[in-house]
Amino acid sequence: MTATTWFIIITLIIIIDYIFDWVISWLNINYKHQFNLHPFLKPYYDNDTSIKTRKYQRENFHVDKAYSTIALLVTLIALYTGILGKLFDYLLFKTNHLILSNLLLLLIIAAGSEIISIPFEIYSTFVIDQKYGFNKSTFKLFFLIKLKAMYYSA
């Protein structure tokens, strides 16, 4: 197989994965919203809490799908422009070390993914969670937790 064939296969796998994830999530969120509680459990489970939980899950679904759509677009743009290959060549030229340049490339990709996800996490935490009374944190605590997570994952 040629490089072009592999490129098309990889692109199709990424797009099919996105579509499959979107459809499964959509079916899941719609199934949850058609949920009828068994009569035996009704005394133990508050209907208002159930409605509030379903609304919360639906709002988070929309934020998650917006993030995954942007991540897909960035991934496809990176693949079709060849920016990752150019970046790897630049890192290899600067470091002159194959393993170090690969590690730096992965670090840059992870940092880019983290930067893209931050606005969605802020919206989810400080708008949606506060709307439903789940969030008690501050911006300072939010970013300290993000920094700790980055430190421990590195």
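Read the figures in this text as sums done on the coordinates, not as results from a lab. Source: prediction; values computed, not measured. Because the Cβ atoms are built from the backbone with ideal geometry, glycine has one as well, and the counts that use them run over all protein chains shown.
For this structure, a couple of remarks:
- Degrees separating the helix 83-95 axis from the principal Cα axis of the chain, which is the longest one: 60 degrees
- Modelled spin-label separation between Thr125 and Tyr56, with each label point placed 7 Å from Cα along the Cα-to-Cβ direction: 1.7 nm.
- The simple Förster model, with R0 at 30 Å and r as the Cβ-Cβ distance, assigns Asn102 and Ala66 a FRET efficiency of 0.45.
- Two-site FRET efficiency, Met1 against Ala78, from Cβ-Cβ distance with R₀ of 25 Å, rounded to 0.05: 0.70
- Site pair Ser153 and Ile8 shows an inter-label distance of 3.5 nm when each label is modelled 7 Å from Cα along Cα→Cβ.
- If you count Lys pairs in segment 52-153 whose Cα atoms are under 15 Å apart, skipping same-chain pairs closer than 8 places in sequence, the total is 4.
- Listed values [x] -0.95, -1.16, -1.35; [y] -0.89, -1.03, -1.20; [z] -0.65, -0.94, -1.33, entry calculated as log10 I(q)/I(0) by the Debye sum over Cα atoms at q = 0.14, 0.17, 0.21 Å⁻¹: [x]
- Axis angle, to the nearest 10 degrees, between helix 3-32 and the longest C-alpha principal axis of the chain: 10 degrees.
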